Amino acid sequence: MCLFQFTARRLVSQAHCGLKASSSKQQKFCLEMARPSSNMADFREVFAKAKHIAIITGAGVSAESGVPTFRGAGGFWRKWQAQELATPGAFARNPSRVWEFYHYRREVMLSKHPNPAHIAIAECEKRLSKQGRSVVVITQNIDELHRKAGTKHLLEIHGSLFKTRCTSCGNVAANYKSPICPALAGKGAPDPDTEDAAIPVEDLPQCEEDGCNGLLRPHVVWFGEVLDPGVLTAVEKELDICDLCLVVGTSSVVYPAAMFAPQVSARGVPVAEFNMEPTPATKRFRFHFPGPCGTTLPPALARHETEIIS
């Protein structure tokens, strides 16, 4: 078992989605190292030679499409923050309120579109695949904007707003209905003065598998839940073979995703960070490009002059 696999499995067995790195771990990330380069020409030379590129994306790439992040002082839906609603306990206590929150998020996302960063990634994947090279996107986002942009090789480590899972039979299914059930039509307003709809459980989204009719929940990884081991295994395999890693729009403080790129960097693979500002992991990387991802990423992933297009 490789170093990455050992560390990843040990960490995920101890930590749950949404846990932030302890101060001691953050201090380890900030070990004094050479200042990362912001030389785009040097990055482009590395990019031109890479055969297996892994791109790790977070909320920052979707924020440029106008997607609410529900983080920070203003990140409220009504009077709750996401971490108060996105938990198994919150769903058990008040499934109607939680479904209103996710219904609102689903409806918002149906009006959003991929930005230049999403498009640059998808176009790069398509172009390089014709050259026998691979691009995989490992995303913490649940909005499916990468999929909408055309990305094919996509690992959604936190699930998707547009998938449901039955709490009775466990069936997972894609679901793009708007509204997802009649009782949620017009519900989910984020205004803090809005009263809960108090929808009966039997009127909330129900499983459509024959004879089930169990209560559905969003197929996302909530705070206090571990990542899907199958998805994590796929991530491990991709990071084991990548020869270039990009970190795009992620704070690098939420585990276990925060460890992915540093582990890759530790085995000598070039890592390039594209983010508005430095993160606790920045000094571990070879490149850092500050600014909006939609501005910095397209020229980074554009066709290199040495590429041969058949």
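The values are calculated or read from the model by the stated rules, or taken from the named source; none is laboratory data. Computed from a prediction, not measured in an experiment: that's the story for all the values here. Heads up, the Cβs are rebuilt from the backbone with ideal geometry, glycines too, and the neighbour counts pull from every protein chain shown. The accessibility values were calculated without ligands, DNA or RNA, using every heavy atom of the protein model including side chains. Shrake-Rupley method; radii C 1.70, N 1.55, O 1.52, S 1.80 Å.
Key figures for this structure:
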{"read-out": "The chain: DSSP helices with Cα axial extent of at least 20 Å and average Kyte-Doolittle hydropathy no lower than -1.0", "value": "95-110"}
{"read-out": "19 Å Cα-Cα threshold exceeded, pairs from K237/K283; K112/K163; K148/K237; K148/K177; K163/K237; K79/K177", "value": "K237/K283; K148/K237; K163/K237; K79/K177"}
{"read-out": "Per residue accessible area of segment 164-245, 1.4 Å probe, in Å²", "value": "52"}
{"read-out": "Potential lengthening between D203 and A302 on full extension [0.36 nm per residue; Cα-Cα distance subtracted]", "value": "30.8 nm"}
{"read-out": "Relative contact order for segment 172-310, counting Cα pairs under 8 Å that sit 6 or more residues apart, in percent", "value": "13"}
{"read-out": "For segment 103-153: span of alpha carbons on each principal axis (Å, largest first)", "value": "41, 18, 13"}
{"read-out": "Per-pair calculated FRET efficiency, R0 = 25 Å: N171 and K237 via Cβ, rounded to 0.05", "value": "0.45"}
{"read-out": "Other-chain or far-sequence residues with amide H under 5 Å of T57's (modelled H)", "value": "I138, T139, Q140, V248"}
{"read-out": "Exposed-loop-free span, longest in the chain, where GluC sites (Glu not before Pro) count as exposed if DSSP calls them loop and at most 16 other C-beta atoms lie within 10 Å", "value": "33-194"}
{"read-out": "Neighbour-limited loop hits for chymotrypsin sites (Phe, Trp or Tyr not before Pro), segment 127-235 (at most 14 other Cβ within 10 Å; DSSP other than H, G, I, E, B)", "value": "Y176"}
{"read-out": "Spatially proximal aspartates and glutamates relative to K130 (Cα-Cα < 15 Å; intrachain offsets below 8 disregarded)", "value": "E307"}
{"read-out": "D_trans [Stokes-Einstein, Kirkwood Rh over alpha-carbon pairs] for segment 124-176, 37 °C, 0.692 mPa s, µm² s⁻¹", "value": "262"}
{"read-out": "Cα pair distances exceeding 34 angstrom across the chain, given as percent", "value": "25"}
{"read-out": "Mean separation of Cα contacts under 8 Å (6+ apart) over length of the chain, as relative contact order %", "value": "31"}
{"read-out": "Separation in nanometres of the label points that stand 7 Å from Cα toward Cβ, at K148 and T69", "value": "1.9"}
{"read-out": "Computed FRET value (nearest 0.05) for D193 with T295, which takes r as the C-beta separation and R₀ as 51 Å", "value": "0.85"}
{"read-out": "Computed E for M40/D210 - FRET, C-beta separation, R0 41 angstrom, nearest 0.05", "value": "0.15"}
